[in-house]
Amino acid sequence: MRTTTAAAGVLLTAVLSLGFAGTANAATDRDCPDFASQAAAQAAFDAVPGDPERLDADDDGIACEDQQYAPASSTSGQASTGSQVSTRPAGAVAAGDGSASEDGSALPFVLGGAALAAAGGAAVAARRSARTSA
């Protein structure tokens, strides 16, 4: 009976910890059709060094240059007041997705989940053995 309860505790802890591994490793991989304009794609390309989203197919520094975007149109029907900034500031800090490597390896999350499962199983087993000896 003790072995079954300990195994159930380990299994429950492992299942609960695996749900968090995907959240930490999730990165948005956008393609050229995901952007409203070439300027938006270029801004995303410039924001992260190394082109992890593969927006520059020919490595010339221009993102999504072959993508056909709809022409920009004004849907508000109001004239521009000129209060908007005409140029985008440069030199922003790339935020990243929190992963240590660009290959997206899940190994640290699997090892962390296994360690958490082992710790949970050890805690359940220790509690069960403390109850039976007391």
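Residues considered: 49, 108, 89. Of these, the only one that is modelled with pLDDT under 85 and exposed (fewer than 10 other Cβ atoms within 10 Å of the Cβ) is 89. The test for being at pLDDT below 70 and under 27 Å from the mean Cα position of the chain (by Cα) does not hold for residue 82. Restrict the check to region 22-40 and report whether at least one residue is closer than 30 Å to residue 7 by Cα, modelled with pLDDT under 85, in contact with a helix residue (DSSP H, G or I) (Cβ under 9 Å, 6 or more places away or on another chain) and aliphatic (A, V, I, L, M). Yes, there is a match, as at least one residue in region 22-40 is closer than 30 Å to residue 7 by Cα, modelled with pLDDT under 85, in contact with a helix residue (DSSP H, G or I) (Cβ under 9 Å, 6 or more places away or on another chain) and aliphatic (A, V, I, L, M).
Given the conditions (1) surrounded by 10 or more Cβ atoms within 10 Å (Cβ to Cβ); (2) under 30 Å from residue 127 (Cβ atoms); (3) more than 24 Å from the chain's Cα centre (by Cα); (4) modelled with pLDDT of 75 or more, report the number of the one that residue 65 does not fulfil. Failed condition: (2).
Contact annotation: residue pairs with Cβ atoms under 8 Å, 6 or more positions apart or on different chains, pairing a residue in region 47-67 that is under 13 Å from residue 33 (Cβ atoms) with a partner that is polar (S, T, N, Q), are 63/38; 63/42; 64/38; 64/42; 67/38. Out of 18, 55, one residue alone is at pLDDT below 75, touching a helix residue (DSSP H, G or I) at 6+ places or on another chain (Cβ under 9 Å) and either in the same structural domain as residue 131 (by TED's automatic domain parsing) or part of a loop (DSSP other than H, G, I, E, B) (or both). It is 18.
The values are calculated or read from the model by the stated rules, or taken from the named source; none is laboratory data. Keep in mind that what you see is a predicted model, and the values were worked out from it rather than measured. Cβ sites come from the backbone with ideal geometry, for glycine too, and all protein chains shown count toward neighbours.
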